[in-house]
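Below is one structure, written out as structure tokens, with a few remarks after it.
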Amino acid sequence: GVWLIRDDEQCIECVHLLDLADPSERPGEKLPIDDMGGYRAALTDRSVILVRDTFNDPTTAALVPLYLAPKAIAAILDAPIYRDGRPIGVVCSE
């Protein structure tokens, strides 16, 4: 998926999604950035976000109830998208 930071950095929105398990899913989901905990910091501090166990890693702990658990996402490999040195989104492999 491709997620972009929107609404004056208040949320992150899925703008493109490829889900082979559920092709009927559509982009448009939004998640509040303030609720992302360690993942929010990782977007600005890392060039790659690799989490092998999303349910037990502090980087993704805040995302478990919001996004990861409902979709049964156990691992991620994400790459932040930068413009002028600031993160504007992320490419997510889940």
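Remarks
- Comparison of Arg40, Arg26, Arg52 shows that the only residue that is at pLDDT below 90 and of a type in the set (Lys, Arg) is Arg26.
- Glu9 being in contact with a Leu (Cβ under 7 Å, 6 or more places away or on another chain) and either of a type in the set (Asp, Glu) or modelled with pLDDT under 90 (or both): no
- Identity of the residue in segment 1-25, more than 16 Å from Ser93 (Cα to Cα) and of a type in the set (D, E, K, R), that ends up most open to solvent (accessible area, probe 1.4 Å): Asp8
- Some residue of segment 59-72 being in contact with a Pro (Cβ under 6 Å, 6 or more places away or on another chain), more than 22 Å from Asp19 (Cα to Cα) and either of a type in the set (A, V, I, L, M) or modelled with pLDDT under 95 (or both): no
- Here Leu77 meets each of (1) assigned to a helix (DSSP H, G or I); (2) exposed (fewer than 14 other Cβ atoms within 10 Å of the Cβ); (3) of a type outside the set (S, T, N, Q); (4) under 11 Å from the mean Cα position of the chain (by Cα) with one exception, condition (1).
The values are calculated or read from the model by the stated rules, or taken from the named source; none is laboratory data. All of these numbers come straight from a predicted model, not from anything done at the bench. Here Cβ is always computed from backbone atoms with ideal geometry, including for glycine, and neighbour counts include all displayed protein chains. SASA here: full protein model, heavy atoms, side chains in, ligands and nucleic acids out. Shrake-Rupley method; radii C 1.70, N 1.55, O 1.52, S 1.80 Å.
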